[in-house]
Amino acid sequence: MMAPPVWDTKSTLYEDWKFDVTLWAQFTKAEKKRKGFMLYSKLPTSKGVNEKVRLAIQNEEIKINEENAIDQIFVVLDKFYKKDDLSTVCETWCSYKNLKKTSGETMEEFLNEYEKKVKELKKEGVTLPEVVLAMQLIDGAGLDKKEKQIVLTAVDYSKKEEMYDQMKQALRKFFDDQAMSTVVEKK
């Protein structure tokens, strides 16, 4: 029988941990009446998480041996750790908008991180046009003016609905590790 996910409050967002717990609760073979206690026994002591739930159990806000004990635990923890929707959208947007390729990062790593940020935006209900995704991508890729011009030669602006995918392909074509090592060898 699999133990419930442990919440590392320093490195994992509450919402991500809550999602993992929901999946665990659906797929674990543990008896439904035991799942709440199993989760409680794995709660971290940092940030007072365990204490908040323990007090709620003592005050009978949470009935730990009921089938819906996990939902009851979430109700208590949501009051303290769940971000409101607007804050989440704002943080997700800022994280996307400020994403820049770092010097030690490969182009593929940057593209993967960018794609992750786009998916996070979509999860929050923010869908951007292909042109905006493409322009933000090339802007964040850390290219100089000449390098940007090279990438843009591989993008067909008349096909705006494909522009984001074209931009990703062009960046991979010209700036993946293999392409860059060929340029260095020719010097």
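The values are calculated or read from the model by the stated rules, or taken from the named source; none is laboratory data. Quick caveat: nothing in here was measured; it's all calculated off a predicted structure. Ideal geometry is used to build each Cβ from the backbone, glycine not excepted, and the neighbour counts take in all protein chains shown.
Is it true that Glu67 is on the phi > 0 side of the Ramachandran plot, in a loop (DSSP other than H, G, I, E, B) and either basic (Lys, Arg) or not assigned by TED's automatic domain parsing to the domain that holds Met167 (or both)? In short, no.
Does Pro5 satisfy the criteria of being part of a loop (DSSP other than H, G, I, E, B), surrounded by 16 or more Cβ atoms within 10 Å (Cβ to Cβ) and out of contact with any strand residue (DSSP E or B) (no Cβ under 9 Å at 6 or more places or on another chain)? It is true that Pro5 is part of a loop (DSSP other than H, G, I, E, B), surrounded by 16 or more Cβ atoms within 10 Å (Cβ to Cβ) and out of contact with any strand residue (DSSP E or B) (no Cβ under 9 Å at 6 or more places or on another chain).
If you go through the range 49-73 and keep only what is under 17 Å from Asp8 (Cα atoms) and without any contact (Cβ under 8 Å) to a residue 12 or more places away in the chain, you end up with Asn50, Glu51. Within the range 18-57, restricting attention to residues that are modelled with pLDDT of 95 or more, within 13 Å of Trp7 (Cβ to Cβ) and among the basic types (Lys, Arg), the residue that is surrounded by the fewest Cβ atoms within 10 Å (Cβ to Cβ) is Lys42. Set side by side, the residues Leu133, Leu111, Leu99 differ, and just one is within 14 Å of Asp165 (Cβ to Cβ), touching a residue at least 40 places away in the same chain (Cβ under 8 Å) and under 19 Å from the mean Cα position of the chain (by Cα), which is Leu111. Restricting attention to the range 8-21, the residues that are assigned to a loop (DSSP other than H, G, I, E, B) and touching a residue at least 40 places away in the same chain (Cβ under 8 Å) total 1.
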